[in-house]
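Inspection log for the structure reproduced underneath, given as structure tokens.
Values quoted throughout were computed directly from the atomic coordinates according to the rules given, and no laboratory measurement underlies them. As the structure is a prediction and not an experimental result, all values here were calculated from the model. Methodologically, a virtual Cβ is constructed for each residue, glycine included, from the backbone with ideal geometry; neighbour enumeration extends over all protein chains shown.
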Amino acid sequence: ETSGLVSSVVINLVVFLVFILLFTFYRKYRSRNIGAELPGEKPKVPPFSESDADLGDLLSKVFKMPLGELDNYCGSEAKVMLLLHKSLFWLTLILSGLAFAVLVPTYASGEGQADSDIGVISFNHIGEDSALLVCPLIMSLVFSGLGYYMAFWFLKKSLQISGEAKKSLSQYTLCIDGVPRNFDSQSLSEQVTQTMQKYGEVLRCYVPKDMCEVYSLEREIEACQERLEHFKNYQTYKGKRAKVATKMMCCNKVDAIEFYEHKLPELTQKRDALLEKSELPNAGVAFVIFKSSTDVAFALKNFKGHRDEVNSFLWELFPADTPQNIIWKNLNVNQRKMKSVRVCLSASFIVVFAFLVTPTAFLNYAEAVLEELGIADLVVGLLGQYLPTILLIVYQSVFLPLVISYIVDTEKHLSESVVTIRAMELFLVFNVIHMLLVPAIGMQAIEIVSKAAEGDTEDFAEFMMTRLTNSGIFFTVLVIGFAFLSNGSLLLAIGRIVSVKLKQSNAVTDKEKILAYEADLFPFPLEYSIGLTGYIIALTFSVIFPLILPFAVVFFGIRYFVLKYDFLCLYFTPQVGSNSAPLIFKSMILGVLMFQIVTGVIFALTSITFYVVYGFLFLVASVVLYLVSRNMLNRIIHKHLSTSLMENFLEQENLYEFPTSQPEILVEKE
């Protein structure tokens with residue numbers, strides 16, 4: 001197994017170096033300095049152009065830039081992600097140093113059973129030596145303490161980043177969902193203001209009218225106008241008229257210009273008819289702006305509804321996002337009623353992707369499709385042994401994001417920040433199931449149960465220890481793949497050039513061809529989940545098989561610099577706030593909990609009474625500590641809220657008015 005591990009490192013390292021070599025040439029073709037080519041436009045571009053810059057100078061500029069200066073170039077979400085990977089790098093580096101200074105020599109001096117030469121540096125090798133078991137016992141406490149310390153340190157720093165980015169109107173605003181819709185906006189604004197005055201000085205209260213359909217129609221009109229202009233340009237440049245499918249993707253094709261010229265006035269007429277209505281109901285949401293940001297925290301913590309005229313007992317309060325991040329088309333959706341829908345969708349997602357459409361099943365489906373098309377032998381001949389890897393990349397980078405995007409869109413959330421967090425949750429659930437739980441237990445679940453049923457405690461303990469050691473070796477290979485293949489593919493971003501060429505194939509004018517190089521938005525949910533999954537895996541097996549830790553250090557070290565380069569030279573990260581810190585904190589302490597559970601189990605499996613008792617007490621204490629830490633989260637968030645007063649944000653920013661052609665109703669406190 002040592003030779004297998006070494007060969008895995010060598011192969012992955014060679015592939016990573018190939019990725020870097022390709023990147024040095026490929027970067028000039030995947031990007032273009034469109035900001036300089038279109039000076040009158042405001043396209044989405046990264047802060048630095050990689051296509052016309054010397055690579056050495058560009059890398060020097062990127063890597064020497066301190067994390068604190070990133071505010072001038074990227075949004076706070078990018079800064080939070082870099083802070084996470086920097087934190088995890090230092091944590092795994094410290095743990096690795098402790099493991100190789102204490103655990104590895106202790107394990108190597110043991111005389112227990114080792115199924116392989118590399119097994120001598122695993123927990124299994126010290127056997128039932130009571131004196132040597134003291135070492136992993138102490139390290140289990142030290143690693144737990146360091147894990148929790150880093151989680152709380154990260155939470156504090158990320159909340160500071162979010163707080164600095166959120167010195168805006170949303171910092172003082174509370175969103176109330178579930179206000180009665182049978183009131184007109186003016187009178188309801190007055191009653192909500194009166195109710196919320198108990199918790200602080202209210203400056204303004206917005207109750208938007210239900211203009212969700214108007215908003216959606218206006219977005220559709222804009223898209224229709226763009227498509228009409230595109231097809232007119234197509235006729236001018238190509239000398240022929242294009243056709244467009246009106247059903248599915250290729251059915252019932254009609255003349256494109258005639259189709260959009262007929263559709264545009266229909267949409268406009270429908271929009272105008274809605275705007276002409278004298279009275280529209282309110283959207284069921286209120287935005288309350290306080291004078292002090294601490295009043296928002298006070299209201300969130302202490303609000304109690306009653307069975308009054310406005311049914312305040314049905315209200316649901318949460319911090320408002322910035323007006324730019326509100327998903328206005330979902331404003332009239334009752335978020336309380338959608339909770340049951342989201343629970344069902346989450347359960348369906350777990351069942352389908354944990355048991356039915358697994359990566360293995362996807363490979364089988366893909367092979368069946370290729371055989372049905374009669375090209376299976378050709379594709380396998382061309383791609384050979386790399387076909388499964390390519391299909392898995394397609395599964396994780398294309399198929400899974402599309403499904404999660406559809407689920408999140410169906411759930412009809414109120415803000416883009418919530419959408420990001422929700423997508424991150426789903427990605428994290430999938431990765432933990434398929435990268436940790438399935439490989440760790442997998443098909444051995446039946447064998448584990450049957451061994452336990454035999455009643456031979458010593459035999460079961462030996463079997464479980466061997467199984468956990470083998471899992472440690474397996475996950476070390478997985479982390480090696482994370483360190484080189486995952487980071488290499490993130491740097492190369494081969495899908496970027498494919499996307500550009502597809503856009504250019506549909507482009508007509510020179511401007512459209514240039515805009516095909518517009519920067520994409522960074523896929524934060526997917527990349528957050530990969531980083532956190534790597535951390536959970538490495539920490540979980542850090543005491544059982546310490547060799548996993550140095551490769552985790554390499555993973556987070558390389559990933560930090562790759563992400564930094566991507567944020568500054570490849571992707572567009574809008575200057576908006578970040579709300580991901582609480583979920584990341586929960587994931588980090590979940591990693592500590594899983595580490596404590598696995599470590600507690602291995603101590604409970606020993607035959608020495610002291611360590612058995614310690615194992616059970618460690619398990620109980622870990623669950624209690626995890627629950628207490630989660631309960632502390634809201635208090636920590638409220639503590640780090642700025643105590644500043646509202647300044648000039650009411651004049652400087654767009655307020656919580658529907659971004660349509662109709663102004664909103666507001667009530668301003670005299």
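Structure notes:
- The separation of the stretch 124-160 from the stretch 1-67, counted between C-alpha centres, amounts to 36 Å.
- Taking other Cβ atoms within 10 Å as a rough exposure proxy, 77, 37, 276 sort from fewest to most as 276, 37, 77.
- Cβ-defined net charge surrounding residue 149, 14 Å radius [Lys, Arg +1; Asp, Glu -1]: +2
- Candidate lysines - alpha carbon under 16 Å from residue 564, same-chain residues fewer than 8 apart omitted: 61, 64, 79, 86
- For 520, 57, 210, the sequence from fewest to most other C-beta atoms within 10 Å is 57, 520, 210.
- The tail of the calculated P(r) for the stretch 213-275 beyond 18 Å holds 43 percent of all Cα-Cα pairs.
- When the P(r) of the stretch 7-64 is calculated, the portion above 15 Å amounts to 62% of the C-alpha pairs.
- Cα gyration tensor, the stretch 201-356 - rounded (a/c under 1.5), prolate or oblate: prolate
- Normalised by 2.2 N^0.38 Å, where N is the number of residues, the C-alpha radius of gyration of the stretch 1-113 stands at 1.61.
- Ranked 540, 246, criterion: other C-beta atoms within 10 Å, fewest first: 246, 540
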